[in-house]
Amino acid sequence: MVSQAPMQCPSLTSREQFLRDVLAGLRASPKVLPSKYFYDQRGSQLFDQICELPEYYPTRTEVAIMQSHASAMGDLIGPNSMIIELGSGSSMKTGWLLENVPRPLCYVPVDISGEHLLEAADRIADRFADIEVLPVCADFSAEFELPEADTAIDRRVAYFPGSTIGNFRPAPARQLLAGIAKLVGPGGGLLIGFDLEKDRQTLEAAYDDADQVTAAFNKNLLRRINQELGGDFALEQFRHRAVYNESHRRVEMHLVSRVQQVVRIDGATVPFAAGESIRTELSHKYRPDSFARLAQSAGFTPVQLWTDPKQLFAVGYYTV
Ligand code: AVI
């Protein structure tokens with residue numbers, strides 16, 4: 001059953017805020033653009049395509065881990081739980097978990113995109129008639145209020161799949177995890193997917209695929225600036241670059257200017273030297289122990305970790 005309470009979505013980022021963020025990033029040295037702006041409708045479609053690419057191992061590996069270990073995860077979570085999925089999107093990986101958590105159970109998908117959220121909530125409610133589904137339209141990286149469940153809840157468990165935590169630098173990642181610890185409270189849990197450190201070749205191929213889907217995803221940010229902010233980026237004058245920065249244990253995505261040029265955005269001018277780059281995304285990779293330290297610094301205690309046979313990806317359970 002999906003809650004009938006009226007759902008209010010916070011207003012999406014305004015054009016002014018988008019423009020402010022873009023100009024501040026392009027005036028910085030080195031130039032940067034926030035990766036949260038990747039995900040307009042086209043960007044979300046391209047991201048879905050990325051998840052299917054042979055080079056992009058994280059999605060299928062995480063799904064395989066969930067398929068193999070959901071029963072053990074469900075046992076750890078236990079009955080009378082509220083599962084709060086952060087950035088639930090289409091609730092793709094949720095089924096395996098919900099099938100395996102003992103009842104009674106309440107599921108709270110949290111996403112900024114109201115349309116996506118309600119469709120996914122309906123699908124989950126149709127499939128699991130005995131689960132109370134309470135969608136919340138919110139930006140999970142900011143504070144938001146949890147709904148009241150009909151049945152008494154023994155614990156709250158946040159589910160944060162997809163290695164989205166890797167897109168945050170260490171300090172904001174710690175802050176986000178500390179916010180999750182506060183949300184679930186004492187006795188609560190966190191089931192989280194994160195990407196593991198590995199060889200440079202595998203990592204760079206995952207972010208620079210042969211079919212150039214990731215390149216299109218990266219350049220979509222410039223197309224979006226053109227469309228929504230009246231920019232005049234010539235997309236063919238920028239090259240997609242993905243590089244593993246080993247000292248920071250992160251893959252960086254860049255858009256590199258092929259020539260010296262000046263770009264105009266809403267009356268402002270942004271000069272580029274030939275070869276100058278805009279950094280558009282960071283994707284941090286962890287070792288089991290480095291992630292455990294991060295989680296501990298945010299108030300969590302590591303309970304169990306599941307990985308795949310090639311140790312490409314990990315899903316961990318932590319409690320407050
Ligand atoms: C959403 N996030 C976890 C993806 C990642 O792997 O960092 C975004 C992505 N960027 C390029 N490919 C996928």
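Descriptive notes on the structure:
- Near pairs, Cβ below 9 angstrom, 6+ apart or cross-chain, from the stretch 80-94 (over 14 Å from residue 132 (Cα atoms)) to any residue that is surrounded by fewer than 24 Cβ atoms within 10 Å (Cβ to Cβ) and of a type in the set (Phe, Trp, Tyr): 86/140; 86/160; 87/140; 87/160; 88/140
- Answer from 242, 206 - the residue that is in contact with a Pro (Cβ under 8 Å, 6 or more places away or on another chain) and crowded, with 20+ Cβ neighbours inside 10 Å: 206
- Single residue of the stretch 54-88 satisfying the filter (surrounded by 22 or more Cβ atoms within 10 Å (Cβ to Cβ) and not in a helix (DSSP H, G or I)) that is modelled with the lowest pLDDT: 88
- Qualifying residue in the stretch 166-177 (condition: of a type in the set (A, V, I, L, M, F, W, C), modelled with pLDDT of 95 or more and more than 19 Å from residue 279 (Cα to Cα)): yes
- Some residue of the stretch 240-247 being part of a loop (DSSP other than H, G, I, E, B) and either without any contact (Cβ under 8 Å) to a residue 60 or more places away in the chain or over 25 Å from residue 175 (Cα atoms) (or both): yes
- The criterion of at least 3 residues that are surrounded by 21 or more Cβ atoms within 10 Å (Cβ to Cβ) is met, among strands (runs of 3 or more DSSP E) falling completely within the stretch 267-320, by 277-284, 313-319.
- Taking the criterion of being among the charged types (D, E, K, R) and either in a loop (DSSP other than H, G, I, E, B) or touching a Phe, Trp or Tyr at 6+ places or on another chain (Cβ under 8 Å) (or both), the residues of the stretch 134-180 that qualify are 139, 143, 145, 148, 150, 154, 169.
- Within the stretch 44-70, residues that are more than 14 Å from the ligand (Cβ to nearest atom) reach partners that are in a helix (DSSP H, G or I) with beta carbons closer than 7 Å, at six or more positions or on different chains, in the pairs 66/96; 66/97; 67/96; 70/96; 70/97; 70/99; 70/100.
The values are calculated or read from the model by the stated rules, or taken from the named source; none is laboratory data. Because the structure is a prediction, the values reported are computed rather than measured. Note: ideal-geometry Cβ built from the backbone for every residue, glycine included; neighbour counts use all protein chains shown.
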